[in-house]
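Read the structure below first, then the notes.
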Ligand SMILES: Cc1cc2nc3c(=O)[nH]c(=O)nc-3n(C[C@H](O)[C@H](O)[C@H](O)COP(=O)(O)O)c2cc1C
């Protein structure tokens, strides 16, 4: 069976470190993982962590190879079998709900035609905020699969809904999408 290509878009939330486990497991399961990070994500986890775990260069900004004119966000999107955004911040969820493409992650999202999975993670009040809920409903209606967050202790100290789904659950969701496409 041909190797699957998955883009993992990492946003600037405290749960970014948990996505290292997701990238590691997917890679060990034979998936070719391209990690795309927002600028804020790089404040939480260094690209070198994802590069080491995926065995691939991490995309942290716009780039065009010297030998052709196919920007990275287009070439990645064209070959992707699935696109996972985790942890998905309130900010990126809002941007993708409204077609804003002002960084490499959100531009890649707009360019992608493969199935997209979004795993939100944020403070419980942020998660319950009607604007965030409406944005989630909007992208869901357009076919984005939401990997629902869990209820529990949050990094900010409160207890509530907004904890990133367990890495195993995220991996199984991605593998489920790939299996359906095989
Ligand atoms: C310590 C800290 C933790 C944060 N954690 C989250 C989070 O879990 N979820 C979230 O949506 N935003 C979180 N934020 C806010 C985002 O980092 C902020 O909205 C940023 O603009 C997101 O950028 P990005 O969406 O381009 O990655 C946090 C901010 C700080 C300073």
Test residue 21 against the stated conditions and say whether it is farther than 10 Å from residue 87 by Cβ, in a helix (DSSP H, G or I) and either away from the ligand (no atom under 12 Å from the Cβ) or at pLDDT below 95 (or both). yes
Condition first: within 14 Å of the chain's Cα centre (by Cα), under 19 Å from residue 173 (Cα atoms) and surrounded by fewer than 17 Cβ atoms within 10 Å (Cβ to Cβ). Now tell me which residues in the range 1-52 satisfy that. 17, 21
Six or more apart or on different chains, Cβ under 9 Å: which pairs go from a residue in the range 43-57 that's under 14 Å from residue 33 (Cβ atoms) and within 15 Å of the ligand (Cβ to nearest atom) to one that's part of a helix (DSSP H, G or I) and modelled with pLDDT of 95 or more? Could you list them? 47/41; 50/19; 50/20; 50/23
Verdict on residue 177 being buried (at least 18 other Cβ atoms within 10 Å of the Cβ), in contact (Cβ under 8 Å) with a residue 24 or more places away in the chain and outside any helix (DSSP H, G or I): no
Subset of the range 24-42, residues in contact (Cβ under 8 Å) with a residue 60 or more places away in the chain, within 16 Å of the ligand (Cβ to nearest atom) and under 21 Å from residue 4 (Cα atoms), comes to 36, 37
Just wondering, is there one or more residues in the range 59-68 that are within 16 Å of the ligand (Cβ to nearest atom), surrounded by 13 or more Cβ atoms within 10 Å (Cβ to Cβ) and in a helix (DSSP H, G or I)? no
Looking only at residues in the range 74-130 that are away from the ligand (no atom under 12 Å from the Cβ), over 14 Å from the mean Cα position of the chain (by Cα) and assigned to a helix (DSSP H, G or I), which one is surrounded by the most Cβ atoms within 10 Å (Cβ to Cβ)? 97
Since residue 166 meets every condition but one in (1) under 17 Å from residue 10 (Cα atoms); (2) surrounded by fewer than 18 Cβ atoms within 10 Å (Cβ to Cβ); (3) in contact (Cβ under 8 Å) with a residue 40 or more places away in the chain, which condition does it not meet? (3)
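The values are calculated or read from the model by the stated rules, or taken from the named source; none is laboratory data. Since we're looking at a predicted model, the values are computed, not measured. Here Cβ is always computed from backbone atoms with ideal geometry, including for glycine, and neighbour counts include all displayed protein chains.
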